[in-house]
Amino acid sequence: MKATILLLEDDLTLSETVVEYFQDQGFDIDFVYDGEEALSFIYEKNYDLLLLDVNVPNKNGFEVLKEIRSEGNKTPAIFITSLNSMESLEEGFQSGCDNYIRKPFELKELLLRVQTILKREFANSKEEIIKLGDGLVFNLISSELKKDDIEIKLNLKELKLLKLFLQHPNELLSHDRIYDFVWNYDEEYSDNSLRTYIKNLRKIVGKEKIVSLKKLGYRFNQE
């Protein structure tokens, strides 16, 4: 599964270069040009890591991170900055960043910083095993679903769909977001197939767990 990154950078040339490089490295990366737009993306989607330029329009990178940290968002963040003063560096860490990189930088160096943080986050993940009740558990690492230690066989798309739900509990997932995650880019997605996968999962985890919101998408209810 691809790690997801949000890049906030108002230098269009640099932004395009970073996006292309990280896509080539297998990342799913979105990019925005100002702080307000970054906040909108962060509120709409769960990212694995944020790359935030400091000097951008509307809200700067420090302000963006301070705002989401104040609301409990702990997504790791790296500041991209041309600032060299110790005061600026201190402000960056006080706002909740995990690392920083100064311009100009080598793309490989940025990649290494990203990989280091993501490995740490993966290793510190609080839950590998998610208990669904009634002896039913799902392993996020191996993507195995078991009931009373006996594996329940699901097809690949049903497994991916269940994993998506469990990684985003109690969150509305739009149809397009589900299609992008469950179907490969060269496959034709199908509303009927999705409904069938949902129906099969409901038989296993309980009908009340997966709620359909008409024309909007689905939500997995988890206490």
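The values are calculated or read from the model by the stated rules, or taken from the named source; none is laboratory data. Note that the coordinates shown come from a computational prediction; the quantities given were computed from them, not determined experimentally. Positions of Cβ are generated from backbone atoms using ideal geometry, with glycine treated the same way; all protein chains shown enter the neighbour counts. With ligands, DNA and RNA removed, areas are computed over all heavy atoms of the protein, side chains included. Shrake-Rupley method; radii C 1.70, N 1.55, O 1.52, S 1.80 Å.
List of remarks:
- Region 124-163 - residue that is open to solvent by less than 30 Å² (accessible area, probe 1.4 Å) and assigned to a strand (DSSP E or B) and, of those, modelled with the lowest pLDDT: ILE130
- In region 51-62, the residues that are under 22 Å from LEU112 (Cα atoms) and free of Cβ contacts under 8 Å to residues at least 60 places away in the same chain reach residues that are among the charged types (D, E, K, R) and surrounded by 18 or more Cβ atoms within 10 Å (Cβ to Cβ) with C-beta atoms within less than 8 angstrom, at least six apart or across chains, in these pairs: ASP53/GLU9; GLY61/ASP53.
- Sole exception among (1) under 22 Å from ILE129 (Cα atoms); (2) surrounded by fewer than 13 Cβ atoms within 10 Å (Cβ to Cβ); (3) aliphatic (A, V, I, L, M) for LEU166, by number: (2)
- Residue match in region 165-177 (condition: among the charged types (D, E, K, R), in contact with a strand residue (DSSP E or B) (Cβ under 8 Å, 6 or more places away or on another chain) and at pLDDT 85 or above): yes
- Selection from region 3-27 of residues that are surrounded by fewer than 17 Cβ atoms within 10 Å (Cβ to Cβ) and acidic (Asp, Glu): ASP10, ASP11, GLU16, GLU20, ASP24
- Strands (runs of 3 or more DSSP E) (entirely within region 1-97) containing at least 2 residues that are of a type in the set (D, E, K, R) and within 13 Å of the chain's Cα centre (by Cα): 28-32
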